[in-house]
Amino acid sequence: MRSILSRNSRVVVQGITGKEGRFHTALMRYYGTRIVAGVTPGKGGRLVGGVPVYNTVLEAVSNHEANTSILFVPASHARDAVLEALDAGVKTLVIITEGIPQKDALEFITRAGKQEDVIIVGPNTPGVINPGLRVKVGIMPSRVFHPGTIGIVSRSGTLTYEIAQHISDAGLGQTTCVGLGGDAITGLDFIKLLEMFEGDEETKAVVLIGEIGGNAEELAARYIAEINYPKPVVAYIAGRLAPSGKRMGHAGAIIMGSAGTAKSKISAFEAAGVAVAEKPSDVAKLLKGMDVYWRELTV
């Protein structure tokens, strides 16, 4: 999972001079993240909490070898900001911005897919955190995350925090936690993260946090079944009581008829042999209940 975050992550904050950019830059630095520069067009030459600000991403990359970007940029400017980062050679982009037009998201995600080794997290994501490395690129509350053996992939921000807290309280902790983002179109998806966690020796089990809308969870369940996924997976699906056809918070959380319902997602996971939690607090209980598996870990 160090292909997303590592101790060598050198982060540039696009939109650093805005309220959210300033606030979360300070929190990320306090946690241990290596913030090397910020970018706000027209405000180059300033300092934000000791971080130098540049007019362009290319300047930040050239002066500080930045390889990762986090974007706190208004939705109307997000497309240009992402394309600028891609053109400057940034390899990992974490897009916090919500409300980006789908045509813009589709354009820059397609562009990123044509470049080698580029990862886009989001849009509308809380970010990524690795508590073992003390690195986070995002807005999640770091206090609920603790080093451990569980990887988390989630479409929900607040549920990620709640379930991570239960996992931490159970003494299992986390390796890497990734927020996919709540929009209908995102960069990383469940399947790509499952592939990454499969190759990560530190991750011993994976938690998938899904919600109504779309078919990402069903596709993940099919993938797990088709390759006989080698690590235990526990899932939780939010929105069991959501009415059909009603958007529930996230742009991607809308169901049409029987497609995208919590029932269809739960059924798909159960058919793939994935344990599905009824409540967020049950996720840690299911993980701890894998007695044979956890005994093998401690031998």
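Every read-out reported here was derived from the displayed coordinates using simple, explicitly stated rules and does not represent laboratory data. Small disclaimer: the values here were computed from a predicted structure and weren't measured. Note that we place each Cβ from the backbone using ideal geometry, even for glycine, and neighbour counts take in every protein chain shown.
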inquiry  = Quick check for me: using +1 on Lys/Arg Cβ and -1 on Asp/Glu Cβ, what's the dipole size of the chain about its Cα centre, in debye to the nearest 20?
reply    = 720
query = Which semi-axes, in whole Å and largest first, does the equivalent ellipsoid of the range 11-121 have when worked out from the alpha carbon gyration tensor as the square roots of 5 times its eigenvalues?
reply = 21, 15, 13
note = So Glu195 and Asp80, fully extended at 0.36 nm per residue minus their Cα-Cα distance, gain in nm 38.4 nm
note = Of all C-alpha pairs within the chain, those more than 29 angstrom apart amount in percent to 33
task = Mind listing the long-range amide H neighbours of Val48? Cut-off is under 5 Å, sequence gap 5 or more, other chains count too, H placed in the peptide plane at 1.01 Å from N.
result = Val53
request  = Along Cα→Cβ, 7 Å out, is where each label goes; now give me the distance between the ones at Gln102 and Glu116 in nm to one decimal.
outcome  = 3.4
message = Out of the trypsin sites (Lys or Arg not before Pro) in the range 82-114, which ones are loop residues according to DSSP with at most 14 other C-beta atoms within 10 Å?
response = Lys114
query = If you count the DSSP beta bridges with both ends in the chain, what percent of them are antiparallel, to the nearest 5?
reply = 20
query = Can you tell which of Gly49, Pro74, Leu159 lies farthest toward the positive end of the dipole of the chain, using +1 and -1 charges on the Cβ of basic and acidic side chains (Lys, Arg; Asp, Glu)?
reply = Gly49
ask   = Taking amide hydrogens as modeled 1.01 Å from N in the peptide plane, which residues meet the under 5 Å criterion relative to Val94, leaving out close sequence neighbours?
value = Ser69, Ile70, Leu71, Val121
query = Per-residue HN-Hα couplings for the range 110-118, Karplus 6.51 cos²θ - 1.76 cosθ + 1.60 at θ = phi - 60°, whole Hz, x for Gly and Pro?
reply = 5, 4, 4, x, 8, 9, 6, 6, 9
task = Order by neighbour count: Ile227, Ile35, Ile4, fewest other Cβ atoms within 10 Å first, most last.
result = Ile227, Ile4, Ile35
For Thr186, distant residues with modelled amide H under 5 Å away = none
query = Once Lys and Arg get +1 and Asp and Glu get -1 on their Cβ, which of Leu188, Pro141, Ile209 lies farthest toward the positive end of the dipole of the chain?
reply = Pro141
task = Between Met196, Met28, Met140, find the one with the highest GNM mean-square fluctuation for the chain; connect C-alpha pairs within less than 10 Å.
result = Met196
key: Exposure proxy order (Cβ contacts within 10 Å, fewest to most) of Glu195, Glu59, Glu201   = Glu201, Glu195, Glu59
inquiry  = Using only DSSP helix segments of four residues or longer, with each worth -39500 (n - 2.57), what per-residue ellipticity at 222 nm results for the chain after dividing by its residue count and rounding to 500?
reply    = -10500 deg cm²/dmol
request  = Determine which lysines satisfy two conditions relative to Lys136: a Cα distance under 20 Å, and not lying fewer than 8 residues away in the same chain.
outcome  = Lys19, Lys91, Lys192
